[in-house]
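Chemist: Quick one: the structure is below, questions incoming.
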Amino acid sequence: MKITIESSRVVKPTYQNGNAPSTNNHVRLSVFDKVTYSTHIAVIYAFNPPTPSNLAIEKGLSKVLSDYREWAGRLGEDKEGNPVILLNDQGVRFVEATVSSKLRNVLPSKPTKEIQCLHQCLYGIEELVQVQLTRFTCGSLVVGFTAHHQVADGHATSNFLVAWGLATRDLAVDPTPLHTRDTLFKPRDLPLIQYDHQKIEYTNKKYTKHITISDDNSNEEGIVIHKVHFTNEFINKLRVKASTGLVKPYSRFEITLAHLWRVITKARGLHGHEMTQIRISVNGRVRLNPKVPNEYFGNLVLWAFPRSKVRDLINRPLRYAAELIRAEVAKVNDTYFKSFIDFSNSDIIKKEGLVSTAVMNKLILSPDLEVDSWLTFPFYDLDFGSGSPYYFMPTYFATEGMLFLLPSYLGDGSIDAIVPLFNDNLDTFKMCCYNLD
């Protein structure tokens, strides 16, 4: 795929009636912003023609940035050395590009190295958002969107994308984002730390190994990206099989992840005595009491870690894996989140030299897994004026064991799973992945 860059510029917020706020303010990162991944994440949307002009999409972006000023700012520090977002309206990167072929001839059905040219570089940049509009000869449009994870989690970022579409269509952004990251997560008057956050969300800096990951990383040899489509019918068969006698059947997420955990573990050929675990993101908006509104803009995620011996995971029924996932996610509740807030606001982190365990510098996760579930994000609600995207996917990220679960573009409840595996494990995975036993 040969990309021609036609233009590259910075887009800044546009304010109604010219009433621009001060550009000298900043907002501190919350405890959840600081503990999450310090990296850019990229997603690619494909739209069928006809599509709005680049100018219309750019104007919509400029308008919506007035409601989401953090994206137009920069990461920095305040006078006390605390990490902050500078609300300086420096703007986001906006790139226009073309490809002299039809989209259907060049767009792969799964993330590959080639699709990285459809979005901007993820490393060594200062902009917190980058947008690349790529036009094809058939009239199709691909929007490559990158965003810094410390500014917002997937839930908040997807809300921003929907708002961008509304602004492009000259519709009001409703609901408007809630900007309370620097005031909402204060420690309790009597802090109560009930969990070992020092070994879960954090680790000692001296025990971490620094690995530099870049666009041209050459250590991916032997890892393949496989895409699996699970029909709604297949998922329901798994749910019925595992949920017999339960008052609350396992969800699509729980059962699909449990199935993949078992299948990938079988394909890896691990020893029965080894331990395997999954890192699962848990949204705190619905778990904190009182609940945090869905409009909250920022990060509000911690992680659950279901664990099992390999022999138990493989030899026991699917229900065993599903119940492990359900039970561990349930433990990340209001009590857990508030304990984390108390811990993260203490002086232990600085005294002990602690750093976050949320890093993306590993190329191999085996015997473990990590899952990014996008099943509940409204990605298909992004509409610039000519309808929803007919396809979206994450960028190419060849980390063995890093799973993505996506709602299928068919809109029928089916799920697409992006599964990076060792090439040597792929045949066994394919043989097992549609087995109901």
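Chemist: Of 427, 383, 437, 412, which residue is in a loop (DSSP other than H, G, I, E, B), on the phi < 0 side of the Ramachandran plot and free of Cβ contacts under 8 Å to residues at least 60 places away in the same chain?
Modeler: 437
Chemist: Has the range 61-69 got any residue that is part of a strand (DSSP E or B) and either touching a Leu at 6+ places or on another chain (Cβ under 8 Å) or under 25 Å from residue 175 (Cβ atoms) (or both)?
Modeler: no
Chemist: Return the residues of the range 66-85 that are open to solvent by less than 20 Å² (accessible area, probe 1.4 Å), in contact with a helix residue (DSSP H, G or I) (Cβ under 8 Å, 6 or more places away or on another chain) and within 15 Å of residue 28 (Cβ to Cβ); say none if nothing qualifies.
Modeler: Passing the criteria: only 85.
Chemist: Would you pick out the residues in the range 301-335 that are in contact (Cβ under 8 Å) with a residue 60 or more places away in the chain, open to solvent by less than 50 Å² (accessible area, probe 1.4 Å) and in a loop (DSSP other than H, G, I, E, B)?
Modeler: 305
Chemist: In addition: Looking only at the range 160-204, which residues are over 22 Å from the mean Cα position of the chain (by Cα), surrounded by fewer than 13 Cβ atoms within 10 Å (Cβ to Cβ) and within 26 Å of residue 63 (Cβ to Cβ)?
Modeler: Once the filter is applied, which keeps residues that are over 22 Å from the mean Cα position of the chain (by Cα), surrounded by fewer than 13 Cβ atoms within 10 Å (Cβ to Cβ) and within 26 Å of residue 63 (Cβ to Cβ), the range 160-204 yields 170, 172, 174.
Chemist: Sticking with this one: In the range 77-93, how many are outside any loop (DSSP other than H, G, I, E, B) and either of a type in the set (S, T, N, Q) or closer than 16 Å to residue 12 by Cα (or both)?
Modeler: Selection size over the range 77-93: 5.
Chemist: Give all pairs with beta carbons closer than 8 Å in which a residue from the range 62-87 that is modelled with pLDDT of 95 or more meets a residue that is in a helix (DSSP H, G or I) and among the charged types (D, E, K, R); count only pairs at least 6 apart in sequence or on separate chains.
Modeler: That search, which allows pairs on different chains as well, returns 83/33; 83/34; 85/70; 87/69; 87/70.
Per-residue answers, yes or no, for (1) without any contact (Cβ under 8 Å) to a residue 24 or more places away in the chain; (2) in a loop (DSSP other than H, G, I, E, B):
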| residue | (1), (2) |
| --- | --- |
| 245 | yes, yes |
| 258 | no, no |
| 261 | no, no |
| 264 | no, no |
| 280 | no, no |
| 299 | no, yes |
| 337 | no, no |
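Chemist: Cβ contacts < 8 Å: first residue part of a strand (DSSP E or B), restricted to the range 343-364; second residue of a type in the set (Gly, Ala, Ser) and open to solvent by less than 70 Å² (accessible area, probe 1.4 Å), any location; separation 6+ or different chain. Result?
Modeler: 364/401
Chemist: Continuing with the same structure: Which of the residues belonging to the range 136-157 are open to solvent by less than 10 Å² (accessible area, probe 1.4 Å), over 15 Å from residue 295 (Cβ atoms) and not in a strand (DSSP E or B)?
Modeler: If the condition is that a residue be open to solvent by less than 10 Å² (accessible area, probe 1.4 Å), over 15 Å from residue 295 (Cβ atoms) and not in a strand (DSSP E or B), then 140, 151 are the ones that fit.
Chemist: Is there a residue in the range 387-398 that is open to solvent by 20 Å² or more (accessible area, probe 1.4 Å), within 24 Å of residue 121 (Cα to Cα), of a type in the set (S, T, N, Q) and in a loop (DSSP other than H, G, I, E, B)?
Modeler: No - not one qualifying residue is present in the range 387-398.
Chemist: Now for a separate question. Filter the range 34-56 down to the residues that are open to solvent by 20 Å² or more (accessible area, probe 1.4 Å) and in contact with an Asp or Glu (Cβ under 7 Å, 6 or more places away or on another chain) and list them by number.
Modeler: 54, the sole residue that qualifies.
Chemist: A further question follows. Considering only residues that are open to solvent by 20 Å² or more (accessible area, probe 1.4 Å) and either touching a Cys at 6+ places or on another chain (Cβ under 6 Å) or among the β-branched types (Val, Ile, Thr) (or both), which ones fall in the range 17-33?
Modeler: Listed by number, the list holds a single entry, 23.
Chemist: Can I ask one more? With the condition kept exactly as written, say whether any residue in the range 9-16 is without any contact (Cβ under 8 Å) to a residue 12 or more places away in the chain, farther than 21 Å from residue 152 by Cβ and either assigned to a loop (DSSP other than H, G, I, E, B) or open to solvent by 70 Å² or more (accessible area, probe 1.4 Å) (or both).
Modeler: The answer is no, given that none of the residues of the range 9-16 is without any contact (Cβ under 8 Å) to a residue 12 or more places away in the chain, farther than 21 Å from residue 152 by Cβ and either assigned to a loop (DSSP other than H, G, I, E, B) or open to solvent by 70 Å² or more (accessible area, probe 1.4 Å) (or both).
The values are calculated or read from the model by the stated rules, or taken from the named source; none is laboratory data. Since we're looking at a predicted model, the values are computed, not measured. Note: ideal-geometry Cβ built from the backbone for every residue, glycine included; neighbour counts use all protein chains shown. SASA here: full protein model, heavy atoms, side chains in, ligands and nucleic acids out. Shrake-Rupley method; radii C 1.70, N 1.55, O 1.52, S 1.80 Å.
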